[in-house]
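Read-outs throughout are calculated quantities, based only on the coordinates presented, and are distinct from any laboratory measurement. All of these numbers come straight from a predicted model, not from anything done at the bench. Heads up, the Cβs are rebuilt from the backbone with ideal geometry, glycines too, and the neighbour counts pull from every protein chain shown.
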Amino acid sequence: MTASSPGSLQSARFYITFRCNSLCGYCNVWQDDKFKGYHELSLERACQVLDQLHGLGVRYVDFTGGEPVLHPHIDGIVQYAKSLGMTVEITSNGIRFAKHIDAIVPHVDTMNVSLDTLKPERYREIRGVPTLDRALDVIRRIGATGARNLKLICVVTRENVEEVADLLAFAQENRISMYFSTMFEYFEEQDTVRDTNRTARKLKLVEHNGKPVADRPAPQALVPVDDIIADRLMTLLHQPFAMLNLHFRKYVESLDPFAPTDCYANKRILTVGPDGRLVLPCYHAFDNSLEWDRDLAQLVQDEEFLRVRDEEVGHRKECQGCTVFPYIGLSFSYRFDKTFLYQALSEEITKLKTRFVDPLHPRTIVPFDELRHSYLELERLIDHGLPVPRPPASPDLLYRFDVTPGRISSELTAGQMSLAEVLSDHLHEDCWGIQRSPHLWIRLVYNDLMPLLRDLTERGRLAPEDYQHTVEDLYAVQLAWWHAYLGRYLTGGETIDTTGPVDVVTRFLLRTNALLPEAPESVRIRQVLLHAGCVLGIAPQTLAPLAVHEDFPEAALTVKHILLIATDTELTRYAALLPARSAEPLHRLATASHTSHPGTEDIEPEDTEVARLLEDEDSLDQTATEHLVTSLRAATPQDRRSALAARLLAHELRTPQQIRRRGKALRPSVTASAGSE
């Protein structure tokens, strides 16, 4: 499947206008003549662009500029994007946003307002206009509406690092999340403070005949950041209403400024200009484009579009060392490596914070020093304990796997893998569906467990103080879970003592279960708790109070983890905790009934070729396996992939002894006392 085929283009940055009412030092749109004089779309034409983007599979659109509200039809354009079911984001400086609050804010998922300082003179130095009061007024007015989608963006540099505490206090006072980031650089002589003498000619941004000059020096990877800035930002990780991107920081730290950049411009994200043109190769290196003179589905198959995508994106001189997060960041979800782990960790902290911890501020008690110590321990484990996986053999693969007769292995995943697992992982478009990754349970915590506990509290079935104490435990439990899961299931974790982290999770599971009233919601909460305990190999006698008898979505994956890490004597004890049907592979293995054949009962007729290959997987070589993985994804419609992934897992569980064999290397690390009180 090519990167531009329907379904893989998922995001769009829509530069609805290049006009702006600020003159920011770190932006080139006002400095470069190539952004001048563009025709802007009418409401009808802009909606046509959105229709065509949606037809390509784009489900996320970021309206940016320039200043988006300078477009005369921005209200209707945003509302139409939302009516298509898209996730909508818009970024504004806030200067002229006041009259758009009611028309835009209810129709966007994220409303970004830039705020780098609270000092009027510094604001004028950075943005070139004396309008701090207008930006602050808009921020307060949006906050007063009760909107929960407002996010402030603060770029932290040497010029404003001493203001971080005041900026965070402003965010907390107004109960608005603020994203703190270091600055990325994307053109020569970029700075945070506007230089009125800087010109397009001096910057050499307009190249000869619209093409890059061959000997143009590549920009620096990043403006050098003092250690004090990086350290200062890390102290904000668990602070109320502060947001950090751990994965951006780690990407910058590990960046090779001379290597090609894994950029997704034109691959999974399109850049659309004010008149509907496709901007190539991206906004920040814009020197080419395709006029919107036919349907976008045709434009993304245009010879020039494909040439730029395949030959230039990530490989041009100015791509080396690029840190433009909107384009680079999208790639992090498609490689199962350390950067993805930090992305998952970072997004979890953000969701736990914004959904549960921040709403209780300032009543919540958060042990910042203890959490920082736990995070640094986890960071050392990820950075130095886990291997650095090699890139996959193909850009269509989420991770590299090695196939030898009777064995499939991956560098991050401890033990062996089955063909069914590799296929199931790759049926998902990105790494968020990978079976053996620590993020899966925390996702259940913030999507299922905590919302249900909050509902019980609001209905008077759970004491408010009990809910608050549970919320206060979340950060520590998340870090402990990650530490314990990495120690159990990822290569390099076998030398890590996970006793302490497992105990932290165990206490949370049992304490939360003890709070549950007799209510339908308690059943689902208990399922999520049991899943966590079994996955970590907590002693079954300890988990006895969590036993469930109703089938639940994660039961099959729970059983697979048990088969990988439980001792032989524990199998029947774990089986007693689970619904009888789900526990059948455990019973069968424990009673030495190893005569079952994988069969094809769980494979639908259209999957017969997959079933045949699964039965004959030992005969597959590296090339054939890689081809099967990519071709299966390409041949399976999006709406069938989750169901097929579930059938692949069920197929794998028909031969539990094979799962035991693949998990042999994991079991020595499991002690009989794991998780005991």
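Find the centroid of the Cα atoms in the stretch 290-314 and in the stretch 147-169, then give the distance between the two in whole Å.
38 Å
Between His587 and Ser394, with labels modelled 7 Å along Cα→Cβ, what's the label distance in nm to one decimal, could you check?
4.1 nm
What percent of all Cα-Cα pairs in the stretch 54-128 falls into each 5 Å bin, going from 0 up to the bin containing the maximum distance?
Calculated over all Cα pairs of the stretch 54-128, the distribution is 3, 15, 26, 21, 14, 10, 6, 3, 1, 0 percent.
Report the GluC sites (Glu not before Pro) located in the stretch 279-317 that are in a DSSP loop and have at most 13 other Cβ atoms inside 10 Å of their Cβ, or state none.
Passing sites in the stretch 279-317 are Glu291.
For Lys664, list the aspartates and glutamates whose Cα falls under 12 Å from its own Cα; do not include residues on the same chain fewer than 8 positions away.
Correct list for Lys664: Asp568.
How far apart, in nanometres, would the label points at Glu379 and Arg511 be if each is projected 7 angstrom from Cα along the Cα-to-Cβ direction?
2.6 nm
When only DSSP loop residues count, what chymotrypsin sites (Phe, Trp or Tyr not before Pro) in the stretch 28-136 have their Cβ near at most 11 other Cβ atoms within 10 Å?
Values: sites: Trp30, Phe35, Tyr38, Tyr60, Phe63, Tyr80, Phe97, Tyr123; in loops: Trp30, Tyr38, Phe97.
Answer in residue order: no site qualifies.
For a quick check: with amide H placed at 1.01 Å from N, whose amide H comes under 5 Å from Ile153's, ignoring anything fewer than 5 positions away on the same chain?
HN-HN under 5 Å from Ile153: Val113, Ser114, Leu115, Tyr179.
Which longest run of the chain has no exposed loop site in it, a site being trypsin sites (Lys or Arg not before Pro) in a DSSP loop with at most 12 other beta carbons within 10 Å, and the site itself not part of the run?
37-293
Report the relative contact order of the chain, percent, no decimals, based on alpha-carbon pairs under 8 angstrom and at least 6 residues apart.
Normalised by residue count, the contact order of the chain is 11 percent.
Cα centroid distance between the stretch 132-146 and the stretch 239-255, in Å?
27 Å
Spelling out what I want: for every residue of the stretch 259-275, take phi, set θ = phi - 60°, compute 6.51 cos²θ - 1.76 cosθ + 1.60 (Karplus), and round to whole Hz; glycine and proline get x.
Karplus values, whole Hz, x for Gly and Pro: 9, x, 9, 7, 9, 9, 4, 6, 9, 10, 9, 9, 10, 10, x, x, 9.
Cross-link partners among aspartates and glutamates for Lys351, C-alpha distance below 18 Å, same-chain residues fewer than 8 apart left out?
Cross-link targets: Glu89, Asp109, Asp448, Asp455, Glu472, Asp473.
In the chain, with Lys and Arg counted as +1 and Asp and Glu as -1 at Cβ, which of these residues, Tyr475, Phe97, Thr542, has the Cα nearest the positive end of the dipole, that is, farthest along it?
Among Tyr475, Phe97, Thr542, the one farthest towards the positive end of the dipole of the chain is Phe97.
Can you tell me how much longer the chain between Asp430 and Arg294 gets when fully stretched, taken as 0.36 nm per residue apart minus their C-alpha distance, in nm with one decimal?
45.9 nm
Charges at C-beta only: +1 for Lys and Arg, -1 for Asp and Glu. How large is the resulting dipole of the stretch 228-279 about its Cα centre, in Debye rounded to 20?
Values: 6 positive and 5 negative charges, 30 e Å.
Computed about the Cα centre, the dipole is about 140 debye.
Using amide H atoms built in the peptide plane, which far-off residues or other-chain residues are under 5 Å from Leu23 H to H?
Gly128, Val129
Which entries of Lys99/Lys250; Lys267/Lys338; Lys82/Lys250 have Cα-Cα distances beyond 31 Å here?
From Lys99/Lys250; Lys267/Lys338; Lys82/Lys250, over 31 Å: Lys99/Lys250; Lys82/Lys250.
If you take the beta carbon distance between Lys34 and Phe368 as r and set R0 to 45 Å, what does 1/(1 + (r/R0)^6) give as a FRET efficiency, to the nearest 0.05?
0.45
For Asp473 and Glu44, what does the FRET efficiency come to when R0 = 51 Å and r is the distance between their Cβ atoms, rounded to the nearest 0.05?
0.45
Considering the convex hull of the alpha carbon atoms of the stretch 324-439, report its projected area averaged over all viewing directions, in nm², one decimal.
9.4 nm²
Once the convex hull of the C-alpha atoms of the chain is built, how many Å³ does it hold per residue, rounded to a whole number? Intermediate values should be presented prior to the final figure.
Details: hull volume 107.6 nm³, N = 677.
Looking at the chain, the number lands at 159 Å³ per residue.
How much length would be gained if the chain were fully extended between Asp621 and Arg124, taking 0.36 nm per residue of separation minus their Cα-Cα distance, in nm to one decimal?
Answer, rounded to one decimal: 172.6 nm.
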